[in-house]
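All remarks here apply to the structure that follows.
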Amino acid sequence: MATVRCGNQSVLLVVDVQVGVMREAWEADRVLANVSRVVARARRAGAPVVWIQHADAELVDGSADWQWATEVKPEPGEPVIAKHFNSAFEQTTLEATLAELGATRLVVAGAATNWCIRATAYAALERGYDLTLIHDAHTTQTLVLDGGVRIEAAGVVHDLNAVVGGLSYPGRVSRTAAAEEVGFGLPALWAGSSKGEA
């Protein structure tokens with residue numbers, strides 16, 4: 001059973017907005033612009049921004065594809081967490097970093113929707129954090145499976161938005177918000193809950 005976290009410290013997690021991840025992603029330019037908006041909103045509000053950077057056999061550490069997309073980059077002093085698995089929590093320093101920041105609510109944006117965003121979002125809820133997924137600031141590629149079955153990227157994005165908006169965990173809030181709506185201050189009442197914020 002997860003430990004529900006008391007308080008109202010929001011932290012923005014920017015997941016894998018890297019050259020090789022975003023190159024073929026659905027509506028990458030729009031999504032990157034929205035990620036940039038969310039980062040700017042967090043910084044203006046004084047909320048911590050934590051950057052997650054993936055590396056594996058295909059996305060080689062230090063390669064051109066591994067670098068941040070040109071539209072968004074960490075500022076000096078913002079934590080950068082290296083990861084090698086889909087969830088940003090697996091075998092990384094993320095939990096220790098969030099503990100130092102006093103995080104109780106995670107705002108998530110980036111890529112790829114069906115891999116690292118989904119795994120990180122579920123892991124956050126399972127660890128007792130409130131979750132806000134920025135519904136217009138995450139993306140993925142269309143999948144072509146064996147037999148020619150296609151899973152369109154837009155459908156994957158819409159599916160995760162619907163799921164996160166409908167998840168129910170005891171003592172936690174799971175919701176979505178738009179890049180232009182999300183706030184990083186004190187929680188406000190929403191949808192009949194005593195905990196929540198756009």
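The values are calculated or read from the model by the stated rules, or taken from the named source; none is laboratory data. A quick note: this is a predicted structure, and the numbers were derived from the prediction, not measured. When we count neighbours, we look across all protein chains shown, and the Cβ atoms used for this are built from the backbone with ideal geometry, even at glycine.
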Being among the β-branched types (V, I, T) and crowded, with 19+ Cβ neighbours inside 10 Å is the filter here, so list the residues in the range 16-57 that pass it.
-> V17, V21, V31, V35, V38, V39, V49, V50, I52
Log entry, pairs with first residue in the range 89-116 being farther than 20 Å from S174 by Cα and in contact (Cβ under 8 Å) with a residue 60 or more places away in the chain, second being of a type outside the set (A, V, I, L, M) and buried (at least 21 other Cβ atoms within 10 Å of the Cβ), beta carbons closer than 7 Å, six or more apart or on different chains, reads L101/P48
Which one is surrounded by the most Cβ atoms within 10 Å (Cβ to Cβ) among residues in the range 1-15 that are assigned to a loop (DSSP other than H, G, I, E, B) and touching a residue at least 60 places away in the same chain (Cβ under 8 Å)?
-> R5
Within the range 58-91, the residues that are part of a loop (DSSP other than H, G, I, E, B), surrounded by 17 or more Cβ atoms within 10 Å (Cβ to Cβ) and of a type outside the set (A, V, I, L, M, F, W, C) are P79, N86, S87
Take the range 92-138 and flag every residue that is farther than 20 Å from V157 by Cα, outside any loop (DSSP other than H, G, I, E, B) and aliphatic (A, V, I, L, M).
-> L94, A96, L98, A99, L101
D29 part of a helix (DSSP H, G or I), at pLDDT 95 or above and either more than 16 Å from the chain's Cα centre (by Cα) or under 18 Å from H138 (Cβ atoms) (or both) | yes
So which residues in the range 107-133 are of a type in the set (A, V, I, L, M), over 26 Å from R23 (Cβ atoms) and buried (at least 24 other Cβ atoms within 10 Å of the Cβ)?
-> A124
Looking at the range 46-79, which of its residues are more than 17 Å from M22 (Cβ to Cβ), aliphatic (A, V, I, L, M) and in contact with a strand residue (DSSP E or B) (Cβ under 7 Å, 6 or more places away or on another chain)?
-> A47, V49, V50
Among (1) without any contact (Cβ under 8 Å) to a residue 24 or more places away in the chain; (2) farther than 24 Å from R175 by Cβ; (3) not basic (K, R), G20 falls short only on (1)
Residues satisfying the stated conditions in the range 13-34, i.e. within 17 Å of F85 (Cα to Cα) and either touching a strand residue (DSSP E or B) at 6+ places or on another chain (Cβ under 7 Å) or among the hydrophobic types (A, V, I, L, M, F, W, C) (or both) | L13, V14, V15, D16, V17, Q18, V21
How about the range 1-23: which of its residues are closer than 17 Å to A153 by Cα and out of contact with any helix residue (DSSP H, G or I) (no Cβ under 9 Å at 6 or more places or on another chain)?
-> G20, R23
